[in-house]
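Quick notes on the structure that follows.
Each reported figure results from applying straightforward, stated rules to the coordinates on display, with no laboratory input. Since this is a predicted model, take the numbers as computed values, not measurements. Note: ideal-geometry Cβ built from the backbone for every residue, glycine included; neighbour counts use all protein chains shown.
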Amino acid sequence: MISQPADSHPCYRGRLAPSPTGYLHLGHARTFWTAQQRAETAGGTLILRNEDLDFARCKPEFVATMLEDLRWFGFQWREGPDCGGPNGPYHQSERRAFYQSAFEKLRDANFLYPCTCSRKDIQSAVTAPHAADDELIYPGTCRSNSALRTSHSALSWRFRVPDGETISFIDANLGPQQFVAGKDFGDFVIWRHDGIPSYQLAVTVDDAAMQITEVVRGADLLVSTARQLLLYNALGLTPPAFYHCHLMKDKTGLRLAKRHDALSLRTLRAQGSSPDNLRHRWA
Ligand code: GLU
């Protein structure tokens, strides 16, 4: 079991970590606003990090619009891709060396194993139900296939979770949380077969390197937080505190996503909404 450190950081550092895969919507803005307010209340620093690792999904034009929409809404960060800072670079695509070294550390300490399974393989092997929102629980097909370690083909690398271990943390918004490794989530990808570090690895490495003291993010990432706590532990890093926000839903109860163009900041702005009005709406 892993618990949060009480208050081991001298000064609050929060972050906004958008991925430029589409236009930001009102749901992002609400979570980010909470992040900004918590940093302000604590008299701390807010950092902007561009999470643009997935080349196929992240587009340069979305980076520019993301920065513009954030500024329009009233976000102010002290460190970021546009203004620099002591913990850069602030584009994940420029931070590969950090991820590579964490990956090697995990691999050399035997926390990882190579895997040849495609998403389709996993889907057909998985019989247990899984949360619709989250990745499939990996059935462990390649866990003990040591021959793969010397293979030269494109492989992904997975983190072997300690089956049955309960990962606990106190969420600053939602209270005590606990997830069981192997039941609520399975062995997860650290390094993708296409050579891209996974979200779980990159976000953990960056939050630690940028000395983030509290991560504010959507409640859809609660299980990911449990995975990341295992990574902090395996890498010998101190985890931040966590504050997960309730997700914004549309009229039919569906969680807002980038496909909800009508609620993108771009569209709302073009229709004459002001950031103040939008904030009143969610209040
Ligand atoms: N880039 C991730 C996203 O947009 C960040 C999630 C996080 O806050 O860790 O979903």
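Structure notes:
- For first residues located in region 184-210 and among the aromatic types (Phe, Trp, Tyr), partners that are part of a helix (DSSP H, G or I) and lie 6+ apart or on another chain with Cβ distances below 8 Å form the pairs PHE185/VAL223; PHE185/ALA226; PHE185/ARG227; PHE188/GLN200; PHE188/ARG227; TRP191/PHE103; TRP191/LEU201; TYR199/SER224.
- Subset tally (residues that are out of contact with any Phe, Trp or Tyr (no Cβ under 8 Å at 6 or more places or on another chain) and under 28 Å from ALA262 (Cα atoms)) for region 36-53: 2
- Considering residues of region 232-258 that are in contact with a strand residue (DSSP E or B) (Cβ under 6 Å, 6 or more places away or on another chain) and assigned to a loop (DSSP other than H, G, I, E, B) only, the residue nearest to ARG13 (Cα to Cα): PRO240
- Test: residue in region 190-211 that is away from the ligand (no atom under 15 Å from the Cβ) and of a type in the set (A, V, I, L, M, F, W, C): yes
- For region 43-74, taking the residues that are farther than 26 Å from HIS280 by Cβ, among the hydrophobic types (A, V, I, L, M, F, W, C) and surrounded by 22 or more Cβ atoms within 10 Å (Cβ to Cβ), the one that is nearest to the ligand (Cβ to nearest atom) is identified as LEU53.
- Among the candidates ARG160, ARG227, ARG217, the residue that is more than 13 Å from the ligand (Cβ to nearest atom) and either surrounded by 15 or more Cβ atoms within 10 Å (Cβ to Cβ) or within 17 Å of the chain's Cα centre (by Cα) (or both) is uniquely ARG160.
- SER224 falls short on exactly one of the conditions (1) in a helix (DSSP H, G or I); (2) in contact with a Leu (Cβ under 8 Å, 6 or more places away or on another chain), and that condition is (2).
- Summed over region 58-78, residues that are touching a residue at least 40 places away in the same chain (Cβ under 8 Å) and outside any helix (DSSP H, G or I) total 4.
- For region 259-276, the criterion of being in contact (Cβ under 8 Å) with a residue 24 or more places away in the chain, within 16 Å of the ligand (Cβ to nearest atom), in a strand (DSSP E or B) and more than 13 Å from the chain's Cα centre (by Cα) is met by at least one residue.
- Output for region 87-111, where each listed residue is in a helix (DSSP H, G or I), of a type outside the set (A, V, I, L, M) and either closer than 20 Å to ARG143 by Cα or in contact with a helix residue (DSSP H, G or I) (Cβ under 7 Å, 6 or more places away or on another chain) (or both): GLN92, PHE98, TYR99, PHE103, GLU104, LYS105, ARG107, ASP108
- Test: residue in region 194-213 that is under 19 Å from ARG143 (Cα atoms) and more than 17 Å from the chain's Cα centre (by Cα): no
- Within region 169-189, considering residues that are away from the ligand (no atom under 15 Å from the Cβ) and of a type in the set (S, T, N, Q), the one nearest to ALA39 (Cα to Cα): GLN177
- Single match in TRP33, TRP77 (criterion: in contact with a strand residue (DSSP E or B) (Cβ under 7 Å, 6 or more places away or on another chain) and either within 16 Å of the ligand (Cβ to nearest atom) or charged (D, E, K, R) (or both)): TRP77
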